[in-house]
Amino acid sequence: MDRTYLEDREKFLSDAMRNMEEERYDDAIALADARLNRFPGDMDACLVIASCRAGMGNPVEAGEIVEQWRDIVRDQSRVCEVLGDAYNRDGMAEEAIEAYTRFVMLNPDTPASGRVSEKIASLRDISIEERGADEPANMSPDFHTITLARLYVKQGYFKMAGDVLGKILEGDPENIEAGKYAGHVERLMEEGWGPVIDELDGWLNELQKKTDR
C-alpha cells in the first residue's frame, strides 16, 4: 500500500480522535467529509461520522451509517470467495476453507453465505476422507468460536453471536470466557440502540491503541 496513503490515514485518525475526545464533533465530521471527497467510500471516515452522530445523541443516524459501512464491507468481501475458489482449484483445502470462512463471517444470514458454507462443508468432508476419520484435523479452528461471535457483534448480529456462544457452551459448559461474553451479548440485545454506541466505542478504542503506538 502507498506510504503516503498510510501516513495520511494515520494523521486523519489522530486528528479525528482528538476532535472527538474534545467533543468537537462538527470538526471531526468536517475532516471525515473531506476524506470521503478524496477517497469515496472510505470506511474510517464513515465510522468517524457514525461515532460523532452517536456522541451527538443521534444513534439512529449512526446506525444507518454503520449499516451502509457493512454494505461496503460485504461488497468487498467477494474477493474472499474468489480467493477460496483459487486455492480450491490448486488443491489447497485448508487455505480455501480459511478464505471461505472469512466470506461467511462478513456475510452472515445471506443466500451467498449459505452457498459458500456448502463449499466449506464439501472441503471438510474431502479432507476427512483423505486423512481418515480418526486422524486429528490439522486445519482452521472450529467454526463456532468466540472470535466468530465477536465478529457477529461488531456487525450488529447479536442473536447470531448468542447462537454461536450457545453452541460453544453446549460442548463446554465450563468455558468461562464464552460464558462471560454470552452475558455481554445478552445485555447488548436488551439495550436497543446502546449496542451501536458500544461497538463504535470499541472501534474508537482500537484506533486509540494504534495511534498511541
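The values are calculated or read from the model by the stated rules, or taken from the named source; none is laboratory data. None of the values given here were measured: they were computed from a predicted structure. Ideal geometry is used to build each Cβ from the backbone, glycine not excepted, and the neighbour counts take in all protein chains shown.
Taken over the stretch 65-100, the criterion of being of a type in the set (S, T, Y) and more than 22 Å from M43 (Cα to Cα) is satisfied by Y87, Y100. Picking from residues in the stretch 22-46 that are within 24 Å of the chain's Cα centre (by Cα) and assigned to a loop (DSSP other than H, G, I, E, B), the one that is farthest from Q68 (Cα to Cα) is F39.
Got a sec? Which of S14, S51 is over 22 Å from Q76 (Cβ atoms) and assigned to a helix (DSSP H, G or I)? Just a single option satisfies the conditions, and that option is S14.
Quick check, is D75 surrounded by 14 or more Cβ atoms within 10 Å (Cβ to Cβ) and either charged (D, E, K, R) or not assigned by TED's automatic domain parsing to the domain that holds M20 (or both)? No, not satisfied. Filtered by the rule that a residue be under 14 Å from the mean Cα position of the chain (by Cα) and not hydrophobic (A, V, I, L, M, F, W, C), the stretch 47-67 gives a lone residue, E67. Of the residues making up the stretch 53-61, not a single one is under 25 Å from T147 (Cα atoms) and outside the structural domain of M160 (by TED's automatic domain parsing).
Screening the candidates A62, A86 for the property of being assigned to a helix (DSSP H, G or I) and in contact with a Lys or Arg (Cβ under 7 Å, 6 or more places away or on another chain) yields one hit, A62.
Cβ separations smaller than 6 Å between residues 6+ apart or across chains give the following pairs from the stretch 92-103 residues that are more than 8 Å from C80 (Cβ to Cβ) to residues that are at pLDDT 85 or above: E95/Y87; A96/G84; A96/Y87; A96/N88. A single entry from G114, G202 fulfils the requirement of being farther than 23 Å from G84 by Cα and either modelled with pLDDT of 80 or more or surrounded by fewer than 17 Cβ atoms within 10 Å (Cβ to Cβ) (or both): G202.
Among the residues of the stretch 92-103, at least one is part of a helix (DSSP H, G or I), more than 20 Å from the chain's Cα centre (by Cα) and closer than 30 Å to I120 by Cα.
One line per residue, one yes/no per condition, for (1) without any contact (Cβ under 8 Å) to a residue 12 or more places away in the chain; (2) out of contact with any His (no Cβ under 6 Å at 6 or more places or on another chain); (3) within 18 Å of L6 (Cβ to Cβ); (4) exposed (fewer than 13 other Cβ atoms within 10 Å of the Cβ):
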residue	(1), (2), (3), (4)
A28	no, yes, no, no
L31	no, yes, yes, no
N37	yes, yes, no, yes
L47	no, yes, yes, no
C52	no, yes, no, no
M56	no, yes, no, no
E61	yes, yes, no, no
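Of the conditions (1) within 20 Å of R150 (Cα to Cα); (2) buried (at least 16 other Cβ atoms within 10 Å of the Cβ), E81 fails just one. Which one is it? It fails just one condition, (1).
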